[in-house]
Amino acid sequence: MEYLKSALSCFFLFLSVVALGDPVIYVNQVAYDSQAPKQAVVKMDVPLTGLIHFSLVNSASRQEDFKSVLKNSGTIDQWTPGKYYYSADFSSFVKAGKYRLHIFYKNRQFISEEFTIGNNALLLSTLPSILHYYHQQRANTPQELEADQHMLLFGSNKRVDVRGGWADASGDISKYFSHLAYANFMSPQQIPLVTWSMVNADQAIPKLLTQLGIKDSLESEALWGADYLMRSLSDEGYFYMTVFSYFKPDASARRIVGLQANSVTTADYQCAFREGGGMGIAALARISAWKKNGAFSSSQYLNAAKRAYAHLVINNTKYDDDGKENIIDDYCALMAATELWISTDSLYYRDEARKRASNLSHRMTPAGYFIADDKDRPFWHASDAGLPIVALSRYLKKEADPVLRAQALSTIKKALDYDLKVTSAVSNPFGYARQSFKYKGKITAGFFIPHENETGWWWQGENARLGSLATAALVGGRLVYPAKDGYGVKPELASYASHQLSWILGCNPYEMCFMYQFGKNNVPYMHALFGHGSQKGGISNGITGKKENGDGSGIDFKLEDNGNEWRWTEQWIPHAAWFLQALTAIGEQSERHP
């Protein structure tokens with residue numbers, strides 16, 4: 001309770017500062033990489049006249065190490081009418097250390113929160129805590145292990161062993177391959193995505209993981225995830241989608257279920273490709289290449305991936321709630337087929353991957369966004385918006401055919417060009433990634449997802465989406481817009497990626513660092529059953545459009561909302577998974593070009 005009071009005091013103190021009309025300085029409160037773009041944002045009540053300088057002051061020496069001029073970044077009338085924004089760009093400054101940004105205005109000094117600058121500073125400072133977060137989220141208490149070893153299937157007398165995995169969120173200790181399946185176009189990837197992200201990191205940045213002393217721990221955590229995927233694979237060949245807690249403290253009340261709106265449970269618990277099945281297959285196929293055993297052997301991981309893929313090729317549309325595949329099936333099945341192709345070198349999986357890559361390319365519009373269905377619905381996603389590009393980039397690790405490579409590269413390029421174009425189409429001082437969506441029959445664009453959508457109720461902060469788009473900008477950008485320095489992509493994409501990560505870490509209009517126990521301002525602790533509340537390194541949902549606005553316009557962040565504050569404050573495992581992937585992409589460039 002004392003922490004809550006402290007957090008609320010900080011928040012209202014911030015509001016009082018705004019009311020006084022003083023400049024407000026927004027920074028990434030954790031770390032900037034030396035070779036990456038580095039920007040802060042300054043908000044003013046009146047437009048500046050003349051040149052206003054800012055400086056970086058070293059916290060240790062108290063010396064001014066860098067000085068430059070604020071640049072006009074415009075206004076955001078939809079968020080803060082009558083306010084004016086300016087950017088403080090210090091990308092050229094690379095000296096390692098701890099700094100604060102200083103502004104001298106009207107004979108007064110204004111100082112930012114402290115942050116670090118250094119080589120791989122963002123990865124080195126946060127990645128160990130992300131791993132800690134997942135370890136603490138393991139569903140491994142005696143109550144959970146006992147209940148999950150004999151889990152009852154909804155509407156059946158059959159019991160199965162589904163021990164393992166991770167609790168989904170700081171307020172929900174259920175275990176999901178994917179939820180929101182009934183909405184068809186909003187299914188996020190959850191436990192399978194976390195597992196794949198860990199395997200990806202282990203293979204991409206082994207030197208940095210060894211330097212941090214966490215490579216063995218990361219592999220152990222990934223195997224923990226893979227073992228849960230194995231236990232969740234039914235005898236028939238599909239994955240069980242959800243172990244649902246019903247939010248009850250009695251672990252024996254848990255069931256394997258399908259979910260509809262408002263926690264209505266059903267027997268539709270079979271995962272389609274888009275409902276966690278594709279990423280589950282991809283994670284098992286990829287981890288099999290380690291030739292390391294968890295509770296199962298590496299050969300069992302691969303055989304399970306093959307069996308699950310064969311089952312979904314025949315049955316996928318039976319499990320899709322509307323009986324039709326859409327873009328999420330395509331990119332998740334592409335990941336599955338690609339990892340099986342890489343692991344087996346089989347021509348069958350090659351052809352399957354090529355089919356799905358072609359499907360994605362044919363979903364690309366002249367405008368540069370994907371079509372999600374077989375009509376005109378733009379693809380947008382609250383957590384996995386970058387996954388189509390990430391899937392195509394992974395496919396290109398194996399694809400050698402020049403014609404097919406050109407097609408996939410063209411799709412990646414158009415998607416990234418669109419991301420930059422739609423994001424810069426309006427005044428956007430924070431560089432927040434915008435998106436196109438269909439609202440009330442009209443194609444439009446906005447900062448946040450529409451609150452009126454296919455789920456009927458679900459919208460939340462989009463920090464996973466930001467991490468996914470940062471990842472896509474880096475891994476896709478290196479294929480179509482490579483550069484030698486910094487993040488290995490052209491400056492516009494590097495800045496785009498940096499903006500998304502900095503937003504998560506405090507450079508946002510609420511000065512809130514959403515990675516718990518990092519930065520200056522955190523959301524309050526959230527309690528969950530079996531000790532799975534907020535954990536250091538976990539990332540909260542974040543900022544949304546205005547609560548009352550169905551189109552997601554405006555801006556909102558609430559620490560209290562009569563029990564609905566979870567939309568902003570709850571930690572969720574996809575957020576940290578995508579942040580891990582972004583860190584991995586940053587570290588991969590460093591390992592290739594030390």
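Quick note: the coordinates plus some simple rules give every number you see, no bench work behind them. These figures come from a predicted structure and were not determined experimentally. As a convention, Cβ positions derive from the backbone with ideal geometry for all residues, glycine included, and neighbour counts pool all protein chains shown.
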Measuring from a point 7 Å past the Cα of Arg159 along Cα-to-C-beta, which residues in the stretch 104-144 have an amide N at less than 19 Å?
140-144
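Based only on Cα atoms, what Rg/Rh ratio does the chain have, Rh being taken as Kirkwood's radius?
Answer for the chain: 0.96.
First measure r as the distance between the Cβ atoms of Asp345 and Val69, then evaluate 1/(1 + (r/R0)^6) with R0 = 45 Å and state the FRET efficiency to the nearest 0.05. List each step's numbers first, then the result.
Values: r = 56 Å, r/R0 = 1.25.
The value I calculate is 0.20.
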Non-local residues with an amide H under 5 Å from the amide H of Val489, with H modelled 1.01 Å from N and Pro and chain starts lacking one, are Ala483
Enumerate the whole-percent occupancy of each 10 Å bin, from 0 to the last occupied one, for all C-alpha pair distances of the stretch 417-461.
26, 48, 25, 1
For the residue pair Asp77 and Gln203, what label-to-label distance in nm results when each label sits 7 Å from Cα along the Cα-to-beta-carbon direction?
5.0
Most positive-pole-ward Cα, Phe244, Tyr134, His527, against dipole of the chain from beta carbon charges
Tyr134
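Stokes-Einstein D for the stretch 265-349 at 10 °C, 1.306 mPa s, Kirkwood Rh over Cα pairs, in µm²/s? Write down the numbers at each step before the final one.
Numbers: Rh = 13.0 Å.
My calculation gives 122 µm²/s for D.
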Once Lys and Arg get +1 and Asp and Glu get -1 on their Cβ, which of Leu420, His179, Ile327 lies farthest toward the positive end of the dipole of the chain?
Leu420
Long-range HN-HN contacts of Arg434 with modeled amide H, under 5 Å:
Thr423
How far is helix 298-319 tilted, in degrees, relative to the longest principal axis of the Cα atoms in the chain, given as a value from 0 to 90 rounded to the nearest 10?
90
Contour minus end-to-end for Ala96 and Ile314, with contour as 0.36 nm per residue of separation and end-to-end as the Cα-Cα distance?
73.0 nm
In nanometres, the difference between 0.36 nm per residue of separation and the alpha-carbon distance of Glu236 and Glu560 is 112.1 nm
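Give the Kirkwood hydrodynamic radius (Å, one decimal) of the stretch 313-435, defined as one over the mean of 1/r across all pairs of different Cα atoms.
On the way: mean 1/r = 0.0655 Å⁻¹.
So the Kirkwood estimate lands at 15.3 Å.
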Scalar couplings 3J(HN,Hα) for the stretch 29-36 by Karplus 6.51 cos²θ - 1.76 cosθ + 1.60 (θ = phi - 60°), nearest whole Hz, x for Gly and Pro, are 7, 10, 6, 10, 6, 3, 8, 9
Please turn the phi angles of the stretch 565-570 into ³J(HN,Hα) values with the Karplus equation 6.51 cos²θ - 1.76 cosθ + 1.60 (θ = phi - 60°), one per residue in order, whole Hz, x for glycine and proline.
5, 4, 4, 10, 9, 6
What distance in nm separates the simple spin-label points at Ile111 and Asn58, each placed 7 Å from Cα in the Cβ direction?
1.7
How big is the charge dipole of the chain about its Cα centre, in debye rounded to the nearest 20, if each Lys and Arg gets +1 on its Cβ and each Asp and Glu gets -1 on its Cβ?
1100
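Can you tell me the length gained on complete extension of the stretch Val403 to Lys375, counting 0.36 nm per residue apart and subtracting the Cα distance? List each step's numbers first, then the result.
Numbers: separation 28, 0.36 × 28 = 10.08 nm, distance 2.70 nm.
Gain in length upon complete extension: 7.4 nm.
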Give the angle, between 0 and 90 degrees and rounded to the nearest 10, that separates the Cα long axis of helix 347-362 from the longest principal axis of the Cα atoms of the chain.
50
How large is ³J(HN,Hα) for each residue in the stretch 588-594, as worked out from phi by the Karplus curve 6.51 cos²θ - 1.76 cosθ + 1.60 (θ = phi - 60°), to whole Hz, x for Gly and Pro?
4, 4, 5, 5, 6, 10, x
Tilt of helix 327-344 relative to the longest C-alpha principal axis of the chain, in degrees (0 to 90, nearest 10)?
70
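Counting only helical runs of four or more DSSP H residues, what would the 222 nm mean residue ellipticity of the chain come to if each run contributes -39,500 (n - 2.57) and the total is spread over all its residues? Mind showing how you got there, number by number?
Details: 16 runs with 237 residues, N = 594.
Helices in the chain give a 222 nm mean residue ellipticity of -13000 deg cm²/dmol.
For the stretch 22-118, how big is the tail of P(r) above 21 Å, as a whole percent of Cα pairs? Before the final figure, lay out each step's value.
Details: 1371 of 4656 pairs.
It works out to 29 percent of all Cα pairs.
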Which whole-percent values make up P(r) of the stretch 437-543 when all C-alpha to C-alpha distances are grouped in 5 Å steps starting at zero?
2, 11, 16, 16, 16, 17, 12, 6, 3, 0
